Amino acid sequence: MKVLCPTLPPPRTGLDWRFLNVHRKTKRGSEFYKDCLEYGNFLWNSDQTARAILCLDRAFGADVSENDPVLLQWPLPYAALGWMLKYVPKEEFIGNPRVHFQHYADRLLEPRREVRRARGWACWALVRKLNPNFIADPKHVVVEPTEKEITGLLNQHGHVGEAVLWQNVLATI
């Protein structure tokens with residue numbers, strides 16, 4: 001067991017895959033968002049960081065308006081991603097998050113493709129800065145955006161202030 005991620009909701013006891021399964025046929029809004037964050041913290045604490053990162057992906061993709069009260073308590077999880085990548089034990093296998101976010105950002109389909117794409121590239125940039133040893137997928141030829149371009153994507157497609165939130169996390173790395 002690890003220390004819980006301080007920027008995510010503390011998980012209830014006894015969570016498993018069914019916790020998110022209840023959202024399969026519902027609108028994936030603020031309840032789904034918060035549940036993804038909570039389950040992500042549970043997975044992190046259970047030494048399943050790779051799966052926890054996938055939960056953060058799902059949270060980033062939730063359909064939550066910028067004025068939703070859940071974001072006041074639990075902002076978009078850029079800080080959580082950075083925290084997990086910083087504190088994941090060296091012996092724990094997490095795959096290659098750089099490749100994951102590279103594929104994620106470049107291969108998305110609707111719904112809400114552009115905002116999810118912008119967030120994918122933002123996460124990709126965090127991974128690159130936190131661990132420059134993760135290599136890109138050489139078989140997936142893609143133009144990797146600059147931090148300035150990612151800021152522009154977040155300003156254009158994300159929530160008001162989202163680019164600043166991301167930049168603040170990036171600056172602390």
Checklist entry - Out of all the residues in region 78-91, which are among the hydroxyl-bearing types (S, T, Y), surrounded by 21 or more Cβ atoms within 10 Å (Cβ to Cβ) and over 19 Å from Q156 (Cβ atoms)? => result none
Checklist entry - Which residues, taken from region 63-98, are among the small types (G, A, S) and within 11 Å of the chain's Cα centre (by Cα)? => result A79, A80, G82
Checklist entry - What are the pairs, 6+ residues apart or on separate chains, where a residue within region 152-173 that is modelled with pLDDT under 95 has its Cβ under 7 Å from a residue that is among the hydroxyl-bearing types (S, T, Y)? => result none
Next on the checklist: One residue is enough: does region 82-91 have a residue meeting the conditions touching a residue at least 40 places away in the same chain (Cβ under 8 Å) and farther than 19 Å from K2 by Cβ?
Outcome noted: no
Next on the checklist: Tell me yes or no: at least one residue of region 92-99 is surrounded by fewer than 17 Cβ atoms within 10 Å (Cβ to Cβ), touching a residue at least 60 places away in the same chain (Cβ under 8 Å), within 16 Å of T49 (Cβ to Cβ) and not charged (D, E, K, R).
Outcome noted: no
Item to check | Looking only at region 61-77, and only at residues there that are touching a residue at least 40 places away in the same chain (Cβ under 8 Å) and buried (at least 23 other Cβ atoms within 10 Å of the Cβ), the one that is nearest to I94 (Cα to Cα) | outcome: P77
Next on the checklist: For region 31-53, check the following and say yes or no: at least one residue is in contact with a Cys (Cβ under 9 Å, 6 or more places away or on another chain) and of a type in the set (V, I, T).
Outcome noted: yes
Checklist outcome for this item: Within region 15-38, the count of residues that are surrounded by fewer than 18 Cβ atoms within 10 Å (Cβ to Cβ) and of a type in the set (K, R) comes to 4
Next on the checklist: Suppose the filter is outside any helix (DSSP H, G or I), in contact (Cβ under 8 Å) with a residue 12 or more places away in the chain and farther than 22 Å from F134 by Cα; does R24 pass it?
Outcome noted: no
Next on the checklist: Scan region 119-128 and tell me whether some residue there is in contact with a helix residue (DSSP H, G or I) (Cβ under 7 Å, 6 or more places away or on another chain), more than 12 Å from L76 (Cβ to Cβ) and modelled with pLDDT under 95.
Outcome noted: no
Item to check | From the options R113, R58, R107, R51, residue that is free of Cβ contacts under 8 Å to residues at least 12 places away in the same chain, surrounded by fewer than 21 Cβ atoms within 10 Å (Cβ to Cβ) and under 21 Å from L4 (Cα atoms) | outcome: R51
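The values are calculated or read from the model by the stated rules, or taken from the named source; none is laboratory data. Model, not experiment: these values are computed from the prediction. When we count neighbours, we look across all protein chains shown, and the Cβ atoms used for this are built from the backbone with ideal geometry, even at glycine.
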